[in-house]
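Below: one structure, written as structure tokens.
The values are calculated or read from the model by the stated rules, or taken from the named source; none is laboratory data. Values in this document were obtained by computation on a predicted structure and should not be read as measured data. For neighbour counting, all protein chains shown are included, and Cβ atoms are generated from backbone atoms with ideal geometry for every residue, glycine included.
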Amino acid sequence: MTELEAFAVDLARAAGAASLPLFRTGVGFDDKNEGGACDPVTRADRDAEAAMRRLIAERFPDHGVIGEEYGEDRPDAEHVWVLDPVDGTRAFVAGLPLWTCLIGLRVAGRPTVGVVAQPYLDEIFLGGPSGARMIRGAGETALRTRDCSNLNDAVIATTDPDIFTGAELGAWRQVRAASRLARLGCDAYAYAMLAAGHLDLVAETGLKVWDWTALVPLVEAAGGRVTDWLGEAPNDDGRVLAVGDGALTDQALIALRRSVV
């Protein structure tokens, strides 16, 4: 494990120490999108990001940070940590253990280290230059995506079909109809399950940079592929396709690409 990978694990544990004591306690939430679809934020989100920012400032004061709750600090630095302290806040406030902490590290603009951590389950999924692994307590398990070269055999996921609009929804329905089984509501935990070889494809839209940066190194280190809906690197349009077997990319893009061109 490299120094920066180990530090990403330290960040995940600090975030978990801040958020987990508030889980299933009836903690209230604010709505960041008053007047529209509810976009909750809790004390857990804010405390966890603050804890990670403190550690970064102490250990790597020249590194930049982009966080969902507290914005940008030197986003053009060579090393930039991209933080989503509680991804799946809706699950958090509902008491469902599918929320995660997302920690990504960009080096020269490229996602290089990624962590998806679920503190309640004591799971830290790490991907980076030294490979992909799941850490639980003092133990580690290597991660590898599974072979699935035919969309008809694939188990797929998205957070909620309501995230898709217009042609995007039609594209998702085509991919879902061609797949073997679809699961909903897992947020970023679905990408961890893809890296672990339990899911084959995840497609989403409307993602912010803190939603997808950590996912790229994790999935790629486990043997998968992450693109936008045109087959290029993920970007600010927020459309992400992740597959465990690269052969699924072109099959899914038949439908997805038509919705954005």
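Residue check: residue 180 meets all listed conditions (1) in contact (Cβ under 8 Å) with a residue 24 or more places away in the chain; (2) of a type in the set (Lys, Arg); (3) loosely packed, with under 15 Cβ neighbours inside 10 Å; (4) under 28 Å from residue 39 (Cβ atoms) but one, namely (4).
All conditions but one from (1) under 19 Å from residue 216 (Cβ atoms); (2) not assigned by TED's automatic domain parsing to the domain that holds residue 253 apply to residue 137; the one that does not is (1). For segment 1-108, the strands (runs of 3 or more DSSP E) that sit wholly inside it and include 3 or more residues that are surrounded by 15 or more Cβ atoms within 10 Å (Cβ to Cβ) are 40-42, 64-67, 79-87, 100-107.
Total residues in segment 114-130 satisfying the condition of being farther than 17 Å from residue 44 by Cα and in contact with a Ser or Thr (Cβ under 8 Å, 6 or more places away or on another chain): the figure is 4. Report whether or not residue 76 is closer than 17 Å to residue 107 by Cα, among the acidic types (Asp, Glu) and over 18 Å from the mean Cα position of the chain (by Cα). Answer is yes for this residue.
Among the residues making up segment 212-246, a single one is surrounded by fewer than 17 Cβ atoms within 10 Å (Cβ to Cβ), in contact with a Ser or Thr (Cβ under 8 Å, 6 or more places away or on another chain) and closer than 24 Å to residue 130 by Cα: 233. When residue 208 is tested against (1) under 27 Å from residue 9 (Cα atoms); (2) buried (at least 24 other Cβ atoms within 10 Å of the Cβ), only condition (2) is not met.
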